[in-house]
Amino acid sequence: MGHTAAILVAVGACASILVGRSVVLAVNRMRRGGLVFVMILNFVTLVLTYAVLGLLVWVAGTLLIRVQVPAEQVAWAVLWACSPLVLGFAIAIPVLGSAIDRALTLWSLLILWSIIRDLYATTLLHSGGIALGAFLVVWLLSGIYLPLLARARDHIWRRATGRPLYDSARYVLDQASIEGSEASLGGSDWLAEPHRRRNGERP
């Protein structure tokens, strides 16, 4: 039952995040086919991101604490850490989206911290260091590979259709990674964009 619940929570969290991102993309007039294409890539990238997070936690726990915990148990821990993201649809709220994104990330970090402490039977300091370190490494890696994947995404779509993903809201697309950065998509910039277009301003 516990594993089933963890899977349901992770699926719900993923779906909620994708709903929030799709709302922002739809508001910015992304073509329907492009929206589906981007959402599929968003889903794949979310899964890979949390898989990397779980791998980092498992490696750090094994090497630093020297406790052999099955990788499967670490995977379940990461799934449970996703639970705050069931509120991910709220990243589409104008102005507050960025703050909500950061709050959900911090909440996930705290949950993972708590689970790691119990899983490895270690101290608050060690478990917090592993959780925070894993999150920071994932964040740094995303800053490297997400822009590359975003360019590859744009190139694939243009080669397949002969058209760009966006008609007129290129600014938002440039701000968003392939994962659909909540901080970029959830803030006030996407609301300001239609105003800029009406007034003939460039971002």
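The values are calculated or read from the model by the stated rules, or taken from the named source; none is laboratory data. Computed from a predicted model, the values in this text were never measured in an experiment. Because the Cβ atoms are built from the backbone with ideal geometry, glycine has one as well, and the counts that use them run over all protein chains shown. Calculation scope for accessible area: heavy atoms of the full protein, side chains included, ligands and nucleic acids excluded. Shrake-Rupley method; radii C 1.70, N 1.55, O 1.52, S 1.80 Å.
Tally time: how many residues in segment 88-104 are open to solvent by 50 Å² or more (accessible area, probe 1.4 Å) and modelled with pLDDT of 90 or more?
The total comes to 1.
Looking only at segment 22-47, residues that are open to solvent by 70 Å² or more (accessible area, probe 1.4 Å), modelled with pLDDT of 75 or more and over 15 Å from the mean Cα position of the chain (by Cα) come to 1 in all.
Taken over segment 48-73, the criterion of being small (Gly, Ala, Ser) and open to solvent by less than 50 Å² (accessible area, probe 1.4 Å) is satisfied by GLY54, ALA60, GLY61. So ARG153 passes all but one of these: (1) surrounded by fewer than 19 Cβ atoms within 10 Å (Cβ to Cβ); (2) within 24 Å of LEU46 (Cβ to Cβ); (3) among the charged types (D, E, K, R). Which condition number does it fail? If we test ARG153 against (1) surrounded by fewer than 19 Cβ atoms within 10 Å (Cβ to Cβ); (2) within 24 Å of LEU46 (Cβ to Cβ); (3) among the charged types (D, E, K, R), just (1) comes out false. Here GLY97, GLY61 are screened, and the one residue that is of a type in the set (Gly, Ala, Ser) and in contact with a Phe, Trp or Tyr (Cβ under 6 Å, 6 or more places away or on another chain) is GLY61. Within segment 108-126, not a single residue is in contact (Cβ under 8 Å) with a residue 60 or more places away in the chain, crowded, with 18+ Cβ neighbours inside 10 Å and charged (D, E, K, R).
Assessment of segment 72-85 against the conditions (at pLDDT below 90, within 20 Å of ALA15 (Cβ to Cβ) and not in a helix (DSSP H, G or I)) yields at least one matching residue.
Within segment 58-71, the residues that satisfy the criterion of being outside any helix (DSSP H, G or I) and in contact (Cβ under 8 Å) with a residue 40 or more places away in the chain are VAL67, VAL69.
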